[in-house]
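Visitor: This is the structure, below, for whatever I ask next.
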């Protein structure tokens with residue numbers, strides 16, 4: 001399998017990746033930059049001795065958001081509030097189940113959408129978590145001089161790991177000093193496990209008007225739903241059929257000063273810079289390149305902004321959703337963009 005560096009322009013950034021064209025889209029370790037050794041897993045596995053849980057009807061939006069995340073219907077950052085993204089996630093789930101897609105926790109929805117495990121769980125912050133954090137440089141040169149763009153704080157790391165809004169974590173843990181979080185501190189967090197889709201994705205639909213993405217199987221059943229940011233300028237929104245050409249976890253990026261003539265630092269640098277991987281990389285922890293030059297689906301260091309702010313052309317997802325989509329995508333996968 002040939003290896004090469006593909007330079008892709010996205011969101012006024014160029015992304016340097018070692019691409020592969022194997023149909024299974026399974027990358028060899030030597031083909032892509034490795035994830036930083038000190039980066040934690042998405043979420044810890046449930047304890048082997050966890051007591052059996054009897055499914056319960058859902059009566060609040062925090063429980064609904066957690067359970068929808070478990071089933072592959074991302075509400076964005078879990079915050080316990082019925083917002084547009086939560087309503088859209090519930091509508092997608094209701095459509096899958098043959099219910100009226102009201103986006104509300106109506107009686108029929110409550111009867112079918114049951115809480116399969118407690119919505120909240122305890123988590124102990126540890127030394128591995130602490131090692132996954134560090135200062136995030138503010139300049140491009142500074143970013144290029146570190147080995148990885150780690151989480152900027154313990155709050156950011158825990159929030160992303162458990163798909164939680166930082167405000168919710170502060171509310172759940174009122175006595176915690178997040179600026180001086182020490183290993184051994186017990187936290188209350190949403191119990192949102194990593195998503196494992198129950199089938200093979202046949203195609204992806206991106207709906208520009210709703211700012212949502214659906215990965216569906218051959219029958220049209222939704223395997224993954226998540227909010228996305230789209231291009232600010234209408235002319236930069238690609239409508240029609242595209243295809244995945246590369247699937248890369250934790251990629252490096254190339255900062256090209258020529259693309260940033262308005263940035264004083266770019267003029268001073270006069271050379272390209274390689275930006276290392278990590279959750280605070282401008283395009284997050286995953287790159288799924290499309291066959292339209294400069295376009296792709298990728299993560300972001302600002303999950304709370306997904307679907308609320310707009311991109312320069314790419315489809316931007318929360319890092320946790322980008323990782324899930326990365327596991328489902330394959331080279332040649334059709335991506336249908338609808339207005």
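The values are calculated or read from the model by the stated rules, or taken from the named source; none is laboratory data. Remember, it's a predicted structure, so these values are computed and weren't measured experimentally. A quick note on method: Cβ atoms are made from the backbone with ideal geometry, for glycine too, and the neighbour counts reach across all protein chains shown.
Visitor: Does residue 102 satisfy the criteria of being surrounded by fewer than 21 Cβ atoms within 10 Å (Cβ to Cβ), at pLDDT 95 or above and within 23 Å of residue 306 (Cα to Cα)?
Guide: So residue 102 passes the test.
Visitor: Could you check how many residues of the range 279-325 are in contact with a strand residue (DSSP E or B) (Cβ under 6 Å, 6 or more places away or on another chain), surrounded by fewer than 22 Cβ atoms within 10 Å (Cβ to Cβ) and modelled with pLDDT of 90 or more?
Guide: Adding up the residues that qualify gives 3.
Visitor: Just wondering, is there one or more residues in the range 193-204 that are assigned by TED's automatic domain parsing to the domain that holds residue 253 and not in a loop (DSSP other than H, G, I, E, B)?
Guide: yes
Visitor: Quick one: in the range 210-222, of everything that is part of a strand (DSSP E or B) and touching a helix residue (DSSP H, G or I) at 6+ places or on another chain (Cβ under 7 Å), which residue is surrounded by the fewest Cβ atoms within 10 Å (Cβ to Cβ)?
Guide: 222
Visitor: Failed condition for residue 241, given (1) at pLDDT 90 or above; (2) over 21 Å from residue 137 (Cβ atoms); (3) surrounded by 20 or more Cβ atoms within 10 Å (Cβ to Cβ), with all others met?
Guide: Against the list (1) at pLDDT 90 or above; (2) over 21 Å from residue 137 (Cβ atoms); (3) surrounded by 20 or more Cβ atoms within 10 Å (Cβ to Cβ), residue 241 comes up short only on (3).
Visitor: Hey, does the range 167-181 have a residue that's part of a strand (DSSP E or B), within 20 Å of residue 90 (Cβ to Cβ) and touching a residue at least 24 places away in the same chain (Cβ under 8 Å)?
Guide: No - not one qualifying residue is present in the range 167-181.
Visitor: Would you call residue 225 touching a strand residue (DSSP E or B) at 6+ places or on another chain (Cβ under 9 Å), at pLDDT 95 or above and closer than 16 Å to residue 333 by Cα? Full working, then the answer.
Guide: Numbers: touching a strand residue (DSSP E or B) at 6+ places or on another chain (Cβ under 9 Å): yes; at pLDDT 95 or above: yes; closer than 16 Å to residue 333 by Cα: no.
Answer is no for this residue.
Visitor: May I pose another question? For residue 155, are the conditions met, namely being in the same structural domain as residue 320 (by TED's automatic domain parsing), under 17 Å from residue 320 (Cβ atoms) and either in a strand (DSSP E or B) or free of Cβ contacts under 8 Å to residues at least 40 places away in the same chain (or both)? Explain how you work it out, then say what you get.
Guide: Numbers: in the same structural domain as residue 320 (by TED's automatic domain parsing): no; under 17 Å from residue 320 (Cβ atoms): yes; either in a strand (DSSP E or B) or free of Cβ contacts under 8 Å to residues at least 40 places away in the same chain (or both): yes.
The answer is no for residue 155.
Visitor: A further question follows. Among the residues of the range 96-115, is there at least one that is in a loop (DSSP other than H, G, I, E, B) and in contact with a strand residue (DSSP E or B) (Cβ under 9 Å, 6 or more places away or on another chain)? Spell out how you get there, then give the answer.
Guide: Going through the range 96-115, the residues in a loop (DSSP other than H, G, I, E, B) turn out to be 97-106, 113.
Checking which are in contact with a strand residue (DSSP E or B) (Cβ under 9 Å, 6 or more places away or on another chain) leaves us with 113.
Yes, the range 96-115 contains at least one residue that is in a loop (DSSP other than H, G, I, E, B) and in contact with a strand residue (DSSP E or B) (Cβ under 9 Å, 6 or more places away or on another chain).
Visitor: Oh, and also: Looking at the range 252-299, what strands (runs of 3 or more DSSP E) fall wholly within it and have at least 3 residues that are outside the structural domain of residue 139 (by TED's automatic domain parsing) and farther than 13 Å from residue 141 by Cβ?
Guide: Counting at least 3 such residues, we get 286-290, 296-298.
Visitor: Testing residue 190 on (1) modelled with pLDDT of 95 or more; (2) surrounded by fewer than 17 Cβ atoms within 10 Å (Cβ to Cβ), one condition comes back false. Which one is that?
Guide: Status for residue 190: all satisfied but (2).
Visitor: Let me ask something additional. Would you call residue 183 surrounded by fewer than 18 Cβ atoms within 10 Å (Cβ to Cβ), over 24 Å from residue 314 (Cα atoms), at pLDDT 95 or above and touching a helix residue (DSSP H, G or I) at 6+ places or on another chain (Cβ under 6 Å)?
Guide: Judged against the criteria, residue 183 is a match.
Visitor: Output the residues belonging to the range 137-149 that are in contact with a helix residue (DSSP H, G or I) (Cβ under 8 Å, 6 or more places away or on another chain), touching a residue at least 60 places away in the same chain (Cβ under 8 Å) and in a loop (DSSP other than H, G, I, E, B).
Guide: 139, 149
Visitor: Among 131, 119, which is more than 30 Å from residue 263 (Cα to Cα) and touching a strand residue (DSSP E or B) at 6+ places or on another chain (Cβ under 7 Å)?
Guide: Within the list 131, 119, the selection yields 119.
Visitor: Among what's in the range 109-122 and is surrounded by fewer than 18 Cβ atoms within 10 Å (Cβ to Cβ) and under 30 Å from residue 278 (Cα atoms), pick the residue that is nearest to the chain's Cα centre (by Cα).
Guide: Per the criteria, the residue is 120.
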